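Trainee: One structure, pasted below without further comment.
The values are calculated or read from the model by the stated rules, or taken from the named source; none is laboratory data. Quick caveat: nothing in here was measured; it's all calculated off a predicted structure. Neighbour counts are summed over all protein chains in view; Cβ atoms, including those assigned to glycine, are modelled from backbone coordinates with ideal geometry. Surface accessibility is based on the protein's heavy atoms, side chains included, excluding ligands, DNA and RNA. Shrake-Rupley method; radii C 1.70, N 1.55, O 1.52, S 1.80 Å.
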Protein chains: 2
Amino acid sequence: MNAGKAKKRVLIVGGGFGGLRVARGLAGADDLEITLLDRRNHHLFQPLLYQVAMAGLSPAEIAVPIRTVFSRQSNCRVILESAAGIDFANKKLKTTGLGDLDYDWLVLACGSRHSYFGHGEWEDYAPGLKSLEEATEIRRRVLTAFELAEKETDPAKQRRLLTFVVIGAGPTGVELAGALGEISRFTLSRDFRRIDPERARVILIEAGPRILPTFAEKLSDKATRDLEQLGVTVWTNTMVTNVTAEGVVLGGESVQSATVLWAAGVAPSELNRSLGVELDRQGRIIVDKDCSIPGHREVFVIGDQAHLEEEPGKPPLPGLAPVAIQQGRHVARNILLELKGKPREPFRYVDKGQMATIGRRRAIAQFAGMEIAGFVAWLAWLLVHVYYLIGFKNRLQVMWEWTWSYIRFRRGARLIVNKDWRAPLQTPTKPAEQPAPVESLPPPATQAPA
Amino acid sequence: MNAGKAKKRVLIVGGGFGGLRVARGLAGADDLEITLLDRRNHHLFQPLLYQVAMAGLSPAEIAVPIRTVFSRQSNCRVILESAAGIDFANKKLKTTGLGDLDYDWLVLACGSRHSYFGHGEWEDYAPGLKSLEEATEIRRRVLTAFELAEKETDPAKQRRLLTFVVIGAGPTGVELAGALGEISRFTLSRDFRRIDPERARVILIEAGPRILPTFAEKLSDKATRDLEQLGVTVWTNTMVTNVTAEGVVLGGESVQSATVLWAAGVAPSELNRSLGVELDRQGRIIVDKDCSIPGHREVFVIGDQAHLEEEPGKPPLPGLAPVAIQQGRHVARNILLELKGKPREPFRYVDKGQMATIGRRRAIAQFAGMEIAGFVAWLAWLLVHVYYLIGFKNRLQVMWEWTWSYIRFRRGARLIVNKDWRAPLQTPTKPAEQPAPVESLPPPATQAPA
């Protein structure tokens, strides 16, 4: 409620697809003072994160420093900081390190994290894929498993090392499983002398009756056949009842696996529970049609963190990048309208379809009433994803990277990089502050001089 | 001493410049069984490692999986493993995880590690630059320092965060200091709102009377002026007497700095001390003119791990990549000669000169009696380094990367990636298993949702 010439403050929490679009949508509004908070220094192009985990791309190819995005937008300031709570009455955002920050408008765009459905202890054995850290951890585990298998003489232990389990068959799970199949079939096939990477088992586990349940059934079947051709075993209607150091337990069955990956569920930011606002069953904040919190019109929530029903009774908008992007742009537009004293407009999602890729040259896509599969769908997938990569340089580079790996069947980022910068080689287990289960992953390959 | 048709075994420890050349030099020798051990899965192009630390290149651009190098060389096997000792009498290499391995010829090419001259405790505050892990740790510290300075309101603390100290003015120290100067002058100049990165202090500390002491004095002076133009302060004849959480102590003086980098000294592999063979004062193994250990003709030592005097009384060969490369090729040739029953030849080092780069377009070089400096030297430096990058793809990509950053003054790999894959944001201090000094680096920027 600053009067007169004082600049109005827009506070944006989160530099993902949504938050970034809000700030960019407000470029040029010189009577605004925008602050974007993120606890990381980079914006991440999440749809290609599985490529980092699967050693196809380097982190820098799908991430860009948030500062760089805004270096020429003088009304926007970027801070490496975390939100701790909101004082709605006084319009203050509580931060962890910077104290309280005043706002006239606040945009929450914090995204989501993994949900292990009440089994947080599974995370050590089955990392998910949300951050660059997790992606490089997965890459390290996968590559280390092959290395240890090459040294292993016990056939049972070798089989466990060469068994890869992916839990959850949404787009991320399918992409991970497809890439794992491809790595063992093509990329690594020449590199080992004692093991045959082609005999690696890749198992994709889905609790529901079919993979990619948001797609048409025909496409889901097609994707299953594509995966099987890459050597992936697809187990549907299969519930994971436990994940341990040894592998996964599936009711009465069990599979020994050194590398289990989690792609089964997400939950919104933990911040939500502390706000005293209405949440849906999954913990997302229920918002009005203009993306604001009922009763707190100056606070918007967008992307995975929000529950927005376009029509009463219709399912809420899905947690997809296009939803966050469109909501981000929309919120910026509404703030600009309000600045001019005009009324807000309700948000309308324009569904541009969805796509998922299976391995190096197959995909499925449905949009505008069409359903396509195979190489053409893959090309479409490639174009859309490269187009949306923020930053011209990254686009060209990722294109080049893919063209090259497409020709050569190579994966350029096949590096095992350890967690501790001082230790030459580590066991890929849990961090040190918790008691590590002895068997949680392949045995330590030690630190003596080599 | 395997008779008749049995294949002879060549064991190579270390996949650096030297070890790689030995194994490649033996390609096609079908009566040999070559095993290359390394505790890491990748060969690292060390001369460009400072570019990873300074966010100019991604790890995958200067590293290649050792397996990939040998995927088509069928007589060579690669194992992720560490050497623990040698049983000379029985011709066995002791390994940490695989037990004893027999050899007919053994090549030690373990390289060197940092030496803190008896002050190992300095490492926490002043990491060195030998591995990808260390390079990304340095990158994380440098970028985090700027981020924390942007948030800091206390001028003294802000100055400490914006002070970068590099200890040791050999080529690595000069390259690090030059890049730090450039980052603050050009790369980051637009990105911050409250701090002015151009006011960052970069201090290069050298105990000797001049920087780059192995170069001609004229070139060393030129490099000093180039550094000063990039905003680097050069302090020669300055001894570091302590490195603490606060910064560095220099006898009676002290400098507060959140980011201290170590480029002052190296020591050979710890393995050497356990072998019971003659070492020089620095701990390198003294070898004969054919690179073998006196009294153990079938064991070669090359590269940084070896002390080889071409003429009695002359200084030993320096710890440079070209020495390791030439020795590696030479050892392979001698093994092939011996296979044919011919006598070995002594090693002769062909000195091709030396070069060092200062920032983005200046370098100094001396070769064939010539001394050059400036842009031409930088172009020569660029060509030589890109030419020697192993793997065609990497060369093209690094060229492209540099061309781009040269045009745009950008650094594409400016990512802060945390050590623990599960923690969103961490304090850049020591690993958890040791009691972390509270003040060891900038204060923790926490882990709450953002």
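Trainee: Among the residues of segment B:184-196 satisfying the criterion of being part of a helix (DSSP H, G or I) and in contact with a helix residue (DSSP H, G or I) (Cβ under 6 Å, 6 or more places away or on another chain), which is most open to solvent (accessible area, probe 1.4 Å)? Even if it seems obvious, please write down each step before you answer.
Mentor: Just the residues of segment B:184-196 that are part of a helix (DSSP H, G or I), to begin with: B:184-187.
Applying the additional criterion that residues be in contact with a helix residue (DSSP H, G or I) (Cβ under 6 Å, 6 or more places away or on another chain) yields B:184-185.
Values: B:Ser184: 1, B:Arg185: 59 Å².
The qualifying residue most open to solvent (accessible area, probe 1.4 Å) is B:Arg185.
Trainee: While we're on this one: Which residues, taken from segment B:336-352, are surrounded by fewer than 16 Cβ atoms within 10 Å (Cβ to Cβ) and in a loop (DSSP other than H, G, I, E, B)?
Mentor: Matches in segment B:336-352: B:Lys340, B:Gly341, B:Lys342, B:Pro343, B:Glu345, B:Pro346, B:Arg348, B:Tyr349, B:Val350, B:Asp351, B:Lys352.
Trainee: Moving on. Restricting segment A:153-183 to residues that are within 14 Å of another protein chain (Cβ to nearest Cβ) and crowded, with 22+ Cβ neighbours inside 10 Å, which is modelled with the highest pLDDT?
Mentor: Step by step, filter segment A:153-183, then rank; the result is A:Leu161.
Trainee: Continuing with the same structure: Could you tell me whether any residue of segment B:328-335 is part of a loop (DSSP other than H, G, I, E, B) and either aromatic (Phe, Trp, Tyr) or free of Cβ contacts under 8 Å to residues at least 60 places away in the same chain (or both)?
Mentor: Taking segment B:328-335 first, the residues part of a loop (DSSP other than H, G, I, E, B) are none.
For segment B:328-335, residues part of a loop (DSSP other than H, G, I, E, B) and either aromatic (Phe, Trp, Tyr) or free of Cβ contacts under 8 Å to residues at least 60 places away in the same chain (or both): absent.
Trainee: Out of (1) within 12 Å of chain B (Cβ to nearest Cβ); (2) under 14 Å from the mean Cα position of the chain (by Cα); (3) within 26 Å of A:Leu271 (Cα to Cα), the odd one out for A:Asn41 is which?
Mentor: Going through the list (1) within 12 Å of chain B (Cβ to nearest Cβ); (2) under 14 Å from the mean Cα position of the chain (by Cα); (3) within 26 Å of A:Leu271 (Cα to Cα), A:Asn41 breaks only (2).
Trainee: A further question follows. How many of the residues making up segment A:197-209 are open to solvent by 10 Å² or more (accessible area, probe 1.4 Å), touching a residue at least 40 places away in the same chain (Cβ under 8 Å) and not hydrophobic (A, V, I, L, M, F, W, C)?
Mentor: Adding up the residues that qualify gives 1.
Trainee: Sticking with this structure for a sec: So how many residues does segment A:18-62 have that are modelled with pLDDT of 95 or more and touching an Asp or Glu at 6+ places or on another chain (Cβ under 8 Å)?
Mentor: Number of matching residues: 3.
Trainee: Just the residues that are touching a residue at least 24 places away in the same chain (Cβ under 8 Å) and either more than 15 Å from A:Thr163 (Cβ to Cβ) or not β-branched (Val, Ile, Thr) (or both), please, taken from segment A:221-233.
Mentor: Selection gives A:Lys222, A:Ala223, A:Asp226, A:Leu227, A:Leu230, A:Gly231.
Trainee: Given the criteria open to solvent by 20 Å² or more (accessible area, probe 1.4 Å) and within 22 Å of the chain's Cα centre (by Cα), does B:Pro47 qualify?
Mentor: Values: open to solvent by 20 Å² or more (accessible area, probe 1.4 Å): yes; within 22 Å of the chain's Cα centre (by Cα): yes.
When the stated conditions are applied, B:Pro47 passes them.
Trainee: Within segment A:184-208, take every residue that is β-branched (Val, Ile, Thr) and within 14 Å of chain B (Cβ to nearest Cβ) and give me the one that is nearest to A:Leu161 (Cα to Cα).
Mentor: Step one: list which residues in segment A:184-208 are β-branched (Val, Ile, Thr), which gives A:187, A:195, A:202-203, A:205.
Next, only the ones that are within 14 Å of chain B (Cβ to nearest Cβ) stay: A:187, A:195.
Numbers: A:Thr187: 17, A:Ile195: 11 Å.
Only one residue tops the list, namely A:Ile195.
Trainee: So A:Leu57 fits all but one of (1) hydrophobic (A, V, I, L, M, F, W, C); (2) more than 10 Å from chain B (Cβ to nearest Cβ); (3) touching a residue at least 60 places away in the same chain (Cβ under 8 Å); (4) farther than 18 Å from A:Gln327 by Cβ; what number is the exception?
Mentor: So A:Leu57 meets the others, but not (2).
Trainee: Can you say whether B:Lys430 is modelled with pLDDT under 60 and not in a loop (DSSP other than H, G, I, E, B), as far as the supplied structure shows? Reasoning before the result, please.
Mentor: Numbers: modelled with pLDDT under 60: yes; not in a loop (DSSP other than H, G, I, E, B): no.
Criteria not met by B:Lys430.
Trainee: Could you please give the count of residues in segment A:289-328 that are within 18 Å of the chain's Cα centre (by Cα) and β-branched (Val, Ile, Thr)?
Mentor: Matching residues across segment A:289-328 total 3.
Trainee: Further question: Quick one: A:Val376 ticks every box in (1) farther than 28 Å from A:Trp105 by Cβ; (2) surrounded by 15 or more Cβ atoms within 10 Å (Cβ to Cβ) except a single one, so which number is it?
Mentor: For A:Val376, the exception is condition (2).
Trainee: Does B:Asp31 meet the test of being in contact (Cβ under 8 Å) with a residue 12 or more places away in the chain, more than 10 Å from chain A (Cβ to nearest Cβ) and not aliphatic (A, V, I, L, M)? Break it down stepwise before answering.
Mentor: Working: in contact (Cβ under 8 Å) with a residue 12 or more places away in the chain: yes; more than 10 Å from chain A (Cβ to nearest Cβ): yes; not aliphatic (A, V, I, L, M): yes.
The answer is yes for B:Asp31.
Trainee: So A:Glu137 clears everything in (1) assigned to a loop (DSSP other than H, G, I, E, B); (2) at pLDDT below 95 except one condition, right? Which one?
Mentor: Tallying (1) assigned to a loop (DSSP other than H, G, I, E, B); (2) at pLDDT below 95, A:Glu137 fails exactly one: (1).
Trainee: With the checklist (1) open to solvent by 10 Å² or more (accessible area, probe 1.4 Å); (2) more than 10 Å from chain B (Cβ to nearest Cβ); (3) within 26 Å of the chain's Cα centre (by Cα); (4) under 19 Å from A:Ala23 (Cα atoms) in hand, flag the one item A:Ser112 doesn't pass.
Mentor: (4)
Trainee: Name the one entry in A:Gly128, A:Gly111, A:Gly99 that is more than 29 Å from B:Leu188 (Cα to Cα) and small (Gly, Ala, Ser). Can you show your working first?
Mentor: Details: A:Gly111 fails: more than 29 Å from B:Leu188 (Cα to Cα); A:Gly99 fails: more than 29 Å from B:Leu188 (Cα to Cα).
Unique residue meeting the criteria: A:Gly128.
Trainee: Ok, one more. Out of (1) under 16 Å from A:Ala258 (Cβ atoms); (2) modelled with pLDDT of 95 or more; (3) of a type in the set (D, E, K, R), the odd one out for A:Arg210 is which?
Mentor: Checking A:Arg210 against (1) under 16 Å from A:Ala258 (Cβ atoms); (2) modelled with pLDDT of 95 or more; (3) of a type in the set (D, E, K, R), the one that fails is (1).
Trainee: Which is of a type in the set (A, V, I, L, M, F, W, C), in contact with a helix residue (DSSP H, G or I) (Cβ under 8 Å, 6 or more places away or on another chain) and without any contact (Cβ under 8 Å) to a residue 12 or more places away in the chain, of B:Ile372, B:Ile325? Walk me through it before giving the result.
Mentor: Details: B:Ile325 fails: without any contact (Cβ under 8 Å) to a residue 12 or more places away in the chain.
Unique residue meeting the criteria: B:Ile372.
Trainee: Same structure again: Given the residues A:Ala321, A:Ala332, A:Ala363, A:Ala306, which is the only one that is outside the structural domain of A:Asp30 (by TED's automatic domain parsing), open to solvent by less than 70 Å² (accessible area, probe 1.4 Å) and at negative phi? Outline the logic, then answer.
Mentor: On the way: A:Ala321 fails: outside the structural domain of A:Asp30 (by TED's automatic domain parsing); A:Ala332 fails: outside the structural domain of A:Asp30 (by TED's automatic domain parsing); A:Ala306 fails: outside the structural domain of A:Asp30 (by TED's automatic domain parsing).
Going through A:Ala321, A:Ala332, A:Ala363, A:Ala306 in turn, just one is outside the structural domain of A:Asp30 (by TED's automatic domain parsing), open to solvent by less than 70 Å² (accessible area, probe 1.4 Å) and at negative phi: A:Ala363.
Trainee: Quick one: which residue in B:Leu106, B:Leu143, B:Leu129 is assigned to a strand (DSSP E or B) and open to solvent by less than 40 Å² (accessible area, probe 1.4 Å)?
Mentor: Values: B:Leu143 fails: assigned to a strand (DSSP E or B); B:Leu129 fails: assigned to a strand (DSSP E or B).
Going through B:Leu106, B:Leu143, B:Leu129 in turn, just one is assigned to a strand (DSSP E or B) and open to solvent by less than 40 Å² (accessible area, probe 1.4 Å): B:Leu106.
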